[in-house]
Amino acid sequence: MKTRTFVSILIMFFMVLIIAGSCAMGQETVKAPIEPLYGSWVNPDFNAGGKQYPKITIRPDGTAEIYGHTDISEGLKGEYTIIDSWIDSDGNKYYKVRASLPYGGGWFSNLYELWRLNETDTVFEKFWDGYGYPTEMDPEHARYGIYYRQE
């Protein structure tokens, strides 16, 4: 009787471990590759002004350049650090980013940003906040920007 009870408990213990292990494996996030972000991204609709720059160039060395117009060849240089990244079930790549951009008189403005790159690496979206990392994209908000890979 004691052996039968012990074996039953042992079997249940291993079943719980197997189930817990498989659940944990299902929740593991896959890091998104950074290379598809590199290059220039444009949205000519932002040329008219507003809270979004019409052109952004992201470089592998952790620097970025923002431009006041898509036809300008020199912009403001800033820095970015990718804090976290993941890929959702649709293949979109997400990046939690800390960005520092020049802001009047040499002071730097630190921004918390959420970047999303679509599954084909052709559409780049970003949403920024000055106080904490955004958790979702809101296309209707002034802090949202959408860009297309510049060929």
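Of the residues 95, 53, the single one that is crowded, with 17+ Cβ neighbours inside 10 Å, among the hydroxyl-bearing types (Ser, Thr, Tyr), in the same structural domain as residue 117 (by TED's automatic domain parsing) and assigned to a strand (DSSP E or B) is 95. Can you find a residue in the range 103-125 that is more than 19 Å from residue 37 (Cβ to Cβ) and either at pLDDT 90 or above or surrounded by 17 or more Cβ atoms within 10 Å (Cβ to Cβ) (or both)? No, because not a single residue in the range 103-125 is more than 19 Å from residue 37 (Cβ to Cβ) and either at pLDDT 90 or above or surrounded by 17 or more Cβ atoms within 10 Å (Cβ to Cβ) (or both). Only one of 120, 81 is among the β-branched types (Val, Ile, Thr), in a loop (DSSP other than H, G, I, E, B) and under 24 Å from residue 29 (Cβ atoms); which? Residue meeting the stated conditions: 120. All told, residue 66 falls short of being surrounded by 13 or more Cβ atoms within 10 Å (Cβ to Cβ), hydrophobic (A, V, I, L, M, F, W, C), modelled with pLDDT of 95 or more and assigned by TED's automatic domain parsing to the domain that holds residue 142.
The values are calculated or read from the model by the stated rules, or taken from the named source; none is laboratory data. A quick note: this is a predicted structure, and the numbers were derived from the prediction, not measured. Heads up, the Cβs are rebuilt from the backbone with ideal geometry, glycines too, and the neighbour counts pull from every protein chain shown.
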